[in-house]
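A quick write-up on the structure given underneath.
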Amino acid sequence: MALVELRFLAPDPDTAIHHAGRVVVLAESELPLAARPLDRRARGALSRALASDRWSALAAGEGIELAFPAGIEASGVMLVKLARAAGPADLRKAGATIARGLKPEGALVLAQGVRRLPLLVEGIALRAYDFAMRAEAPKAPGPVALMVADPEARTKDCAEVLHLAEAVHFARDLINEPANVLTTGTFADRLLALRALGLDVEVLDEAQLAELGMRALLGVGQGSDSPSKVVVMQWKGADTPPLALIGKGVVFDSGGLSIKPAGGMEEMITDMGGAGVVAGTMMALAARKAAAHVVGLVGLVENMPDGRAQRPGDVVRSMKGDTIEIINTDAEGRLVLADVLWYAQERFQPTAMIDLATLTGACVVALGHENAAVFANDDALAGAVLKAAEGQGEGAWRMPLGPAYDQLIKSRMADMKNTGGRWGGAITAAQFLQRFVKPGTPWVHLDIAGVTLPPGETTLAPKGATGWGVRTLDALVRARFETGTSA
């Protein structure tokens, strides 16, 4: 939940020798100079470990731990394999290795000579995360102290990645929260609190949504006691047309009357993952005072079955004016996004739009838990998203769109139906959304169903929500939408 406490210290051999917690040494084939006094006091234990077959078998960024080595006060020495010319992925992985299993006594990292230190720090901060609601709170990990030359300068160098990690944690917290805690109202309140960072935040209630004609979105939430809302967050760091980020915020998805199987339904607390990522991104942009105009819009609903719930066979009219035949009430996220996409264009005339949603199980079947699906009507924007994702180590893969898929969502009675059936389900969902994008507006749809809640831990996150997308979108804004960059 909270970021681990990070400190930067000046080099001092005695500090390492007398540190009571874990001492971390970053090495490749031989010990760095800073670790040699420690090795001498430990009677060569570190050197022997580096000469072992176990060390040679390690991949970059992985580590081994020597518990309670003789001659020093540390509870353990962790040796992490890292070359001096290590790339971003290895540096982040090494940081994650340091952070995994942190104990209350904390850790001391001999980081002198590490190039691109912020990437190592980013890995530590991202992996040092826990979400728990147990009666007895887990013991918080102790601080991580990094021994570096010029600690004051390194503190400044790492400030931005720590702000970004905090925003990722914010997104993870939202996604991990159970639906009895994170209702649509509570979610909106969490976003209103971002005003403290300088974001302009407003909440549209059901009466306002009805007046705007958002019948597709309202239809999804009409079976729930939690009122539907749209939250608009705006960061105006430049006087330009905005980039619009749109997130699906279904705080719980039972499937409605087309109810889901019981097995795994508890994971549907994360069906607001797109909205969580948009919120985290807006927090990141505000925290670093990005020189960009970005608006984040999230549609908050709960999809529940009761006597008022939307039925299969219903026909609803979207804000755009198109009619939609409801075939399956579990294909609800696209109904929410359709109205919010149209509203974003009508109100803000954005220079580009990106929507994010845990939209389809078909996306998980196609790409597993390694990649988000990227659909786009604009090659340049799609390429920029893919490049940003690659730079952050967040998997993404472009998927096709095409008129032939439109035949699968053709309705006999309305302008379209809300699902095209089993085949190409992620694609037909994207085709549906594309109908609510005005000609000439660059648009990307990110289906993050597989990467939002993987079945186990990942390199940079424990089991639970990953916050996939916050770092990618922040990098995209930095590279393409800030003042002075070309869009």
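What ranking of C363, C158 emerges when the number of other C-beta atoms within 10 Å of each C-beta is taken as an exposure proxy, fewest first? Let's see the in-between values first.
Details: C363 28, C158 23.
By the 10 Å Cβ count, ascending: C158, C363.
Quick one: Karplus J couplings for segment 120-131, per residue in order, coefficients 6.51, -1.76, 1.60, θ = phi - 60°, nearest Hz, x for Gly and Pro?
Whole-Hz 3J(HN,Hα) from phi for segment 120-131: 5, 5, 4, x, 4, 5, 5, 7, 7, 9, 8, 10.
Please figure out what share of the DSSP beta bridges in segment 7-149 is antiparallel and state it in percent, rounded to the nearest 5. Mind dumping the intermediate values first?
Values: 5 of 22 bridges.
Percentage antiparallel, nearest 5: 25.
Nearest 20 debye, what's the magnitude of the dipole of the chain about its Cα centre given +1 on Lys and Arg Cβ and -1 on Asp and Glu Cβ?
Numbers: 49 positive and 55 negative charges, 182 e Å.
Around 880 debye, computed over the chain.
Starting from the Cα-Cα distance between K236 and A132, subtract it from 0.36 nm times their residue separation and give me the gain in nm to one decimal.
Numbers: separation 104, 0.36 × 104 = 37.44 nm, distance 3.50 nm.
Result: 33.9 nm gained on full extension.
Quick one: Karplus J couplings for segment 444-458, per residue in order, coefficients 6.51, -1.76, 1.60, θ = phi - 60°, nearest Hz, x for Gly and Pro?
10, 10, 10, 8, 9, 4, x, 9, 6, 9, x, x, x, 5, 10
Cα axis of helix 159-176 to longest principal axis of the chain: angle in degrees, 0 to 90, nearest 10?
Once rounded, the angle reads 50 degrees.
For V230, which sequence-distant residues (separation of 5 or more, or a different chain) have an amide H within less than 5 Å of its own amide H, given hydrogens modelled in the peptide plane?
L204, L300
How many percent of DSSP beta bridges within segment 163-481 run antiparallel, rounded to 5? Each step should come with its number before you reach the end.
Details: 21 of 45 bridges.
Within segment 163-481, antiparallel bridges account for around 45 percent of the total.
Under a crude label model (7 Å from the Cα following the beta-carbon direction), how far is Q208 from L9 in nanometres?
That separation, rounded to one decimal, is 5.1 nm.
Which angle from 0 to 90°, rounded to the nearest 10, does the C-alpha axis of helix 425-434 make with the longest principal axis of the chain?
Helix 425-434 sits roughly 70 degrees off the main axis of the chain.
Tell me the relative contact order for the chain as a rounded percent, counting alpha carbon contacts under 8 Å between residues six or more apart. Mind showing how you got there, number by number?
Details: 1124 pairs, mean separation 70.6, N = 487.
Contact order relative to length: 15 percent.
Out of all DSSP beta bridges in segment 191-325, what portion is antiparallel? Express it as a percent rounded to 5. Walk me through the numbers before you get to the answer.
Numbers: 16 of 25 bridges.
Around 65 percent antiparallel, to the nearest 5.
Taking a ≥ b ≥ c as the square roots of the Cα gyration tensor eigenvalues, with a/c under 1.5 meaning rounded and otherwise prolate when a/b beats b/c, else oblate, which class fits segment 66-189? Working shown, then result.
On the way: a/c = 2.48, a/b = 1.53, b/c = 1.63.
Because a/c hits 1.5 or more and a/b fails to exceed b/c, segment 66-189 counts as oblate.
Given the rule -39500 (n - 2.57) for each run of at least 4 DSSP H residues, summed and divided by the residues of the chain, what is its mean residue ellipticity at 222 nm, to the nearest 500 deg cm²/dmol? Walk me through the intermediate numbers first.
Numbers: 19 runs with 170 residues, N = 487.
Computed mean residue ellipticity for the chain: -10000 deg cm²/dmol.
Would you please give the residues with an amide H less than 5 Å from that of R116, counting only those at least 5 places away or on a separate chain, with H modeled from the backbone geometry?
The list, which skips near neighbours in sequence, is empty: none.
If amide H atoms are built 1.01 Å from N in the plane of the peptide, which residues on other chains or at least 5 residues away come under 5 Å of the amide H of L146?
Counting only residues 5 or more places away or on other chains, the set is R7, F8, L9, V109.
Normalised by the residues of segment 1-107, what does the relative contact order come to in percent, with Cα pairs under 8 Å and at least six apart? It would help to have the intermediate numbers written out before the result.
Working: 147 pairs, mean separation 34.7, N = 107.
It rounds to 32 percent for segment 1-107.
Mind listing the phi-derived Karplus ³J(HN,Hα) values for segment 102-108, rounded to whole Hz, using 6.51, -1.76 and 1.60 with θ = phi - 60°, and x for any glycine or proline?
Calculated HN-Hα couplings, in order: 4, 10, x, 7, x, 9, 10 Hz.
A short reminder: the numbers here are calculations on the coordinates, not readings from a lab. These figures come from a predicted structure and were not determined experimentally. Glycine also receives a Cβ, built like all others from the backbone with ideal geometry; neighbour counts cover every protein chain displayed.
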